[in-house]
1. Enumerate the pairs (first residue in the stretch 23-50 and touching a residue at least 40 places away in the same chain (Cβ under 8 Å); second residue anywhere and assigned to a helix (DSSP H, G or I) and surrounded by 12 or more Cβ atoms within 10 Å (Cβ to Cβ)) with beta-carbon separation below 8 Å, excluding pairs fewer than 6 apart on the same chain, so at least 6 apart or on different chains.
2. Mind listing whichever residues of the stretch 89-101 are in contact (Cβ under 8 Å) with a residue 24 or more places away in the chain and either among the hydroxyl-bearing types (S, T, Y) or closer than 21 Å to N3 by Cβ (or both)?
3. Which numbered condition in (1) among the small types (G, A, S); (2) in contact with a helix residue (DSSP H, G or I) (Cβ under 8 Å, 6 or more places away or on another chain); (3) open to solvent by 40 Å² or more (accessible area, probe 1.4 Å) is the only one that A58 fails?
4. When the stretch 80-101 is examined, which residues are found to be hydrophobic (A, V, I, L, M, F, W, C) and not in a helix (DSSP H, G or I)?
5. Does I12 meet the test of being more than 16 Å from S65 (Cβ to Cβ), open to solvent by less than 70 Å² (accessible area, probe 1.4 Å), of a type in the set (V, I, T) and outside any helix (DSSP H, G or I)?
6. Is there any pair linking a residue in the stretch 52-79 that is assigned to a helix (DSSP H, G or I) to one that is aromatic (F, W, Y), with Cβ under 8 Å and at least six apart or on different chains, and which?
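The values are calculated or read from the model by the stated rules, or taken from the named source; none is laboratory data. Everything numeric here is computed off the predicted structure, so don't read it as measured data. No Cβ is skipped: glycine too gets one built from the backbone with ideal geometry, and neighbour counts run over all protein chains shown. We work out accessible area using only protein heavy atoms, side chains counted, and drop any ligands, DNA or RNA first. Shrake-Rupley method; radii C 1.70, N 1.55, O 1.52, S 1.80 Å.
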Amino acid sequence: MENLLSAYMPTIASFGILGGMLLVQLLVVDVLGIAAKHEPGAPIPADHSKLLFRAHRAHANTNESVAAFIALTLFALSVSATASWLNALCQLYIAARLSHM
């Protein structure tokens, strides 16, 4: 079991990195909302020139795709997918999410 976990360590680490990214995105949106004196619960106006709107959409986009990432990764782990491929694909997903941020 321990050998199996070590083979998939980059994949497992990607879950932690993704969680950290979601937290950072949420904090950025909160700080920008406070700075803009945005009323909590009110919709954010759709204005691509405003950083608050762009940060909110980036966070929402990550939130929308995280369930599919988790489900597919857990499935791949459960069927013992090739560790090198799964690790590489998870790292690619994390790199894409970071560049999207």
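1. Cβ pairs passing all conditions: Q25/A55; Q25/A58; Q25/H59; Q25/T62.
2. Correct list: C90, Q91, Y93.
3. A58 satisfies all of (1) among the small types (G, A, S); (2) in contact with a helix residue (DSSP H, G or I) (Cβ under 8 Å, 6 or more places away or on another chain); (3) open to solvent by 40 Å² or more (accessible area, probe 1.4 Å) except (3).
4. Hits for the stretch 80-101 are A81, M101.
5. Against the criterion (more than 16 Å from S65 (Cβ to Cβ), open to solvent by less than 70 Å² (accessible area, probe 1.4 Å), of a type in the set (V, I, T) and outside any helix (DSSP H, G or I)), I12 does not qualify.
6. Pairs that qualify, where the first residue is assigned to a helix (DSSP H, G or I) and the partner is aromatic (F, W, Y), are F69/Y93; I70/F15; T73/F15; L77/Y8.
Let's see how each residue does on (1) of a type in the set (D, E, K, R); (2) surrounded by 11 or more Cβ atoms within 10 Å (Cβ to Cβ); (3) not in a helix (DSSP H, G or I):
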| site | (1), (2), (3) |
| --- | --- |
| G16 | no, no, no |
| L22 | no, yes, no |
| V29 | no, yes, no |
| G41 | no, no, yes |
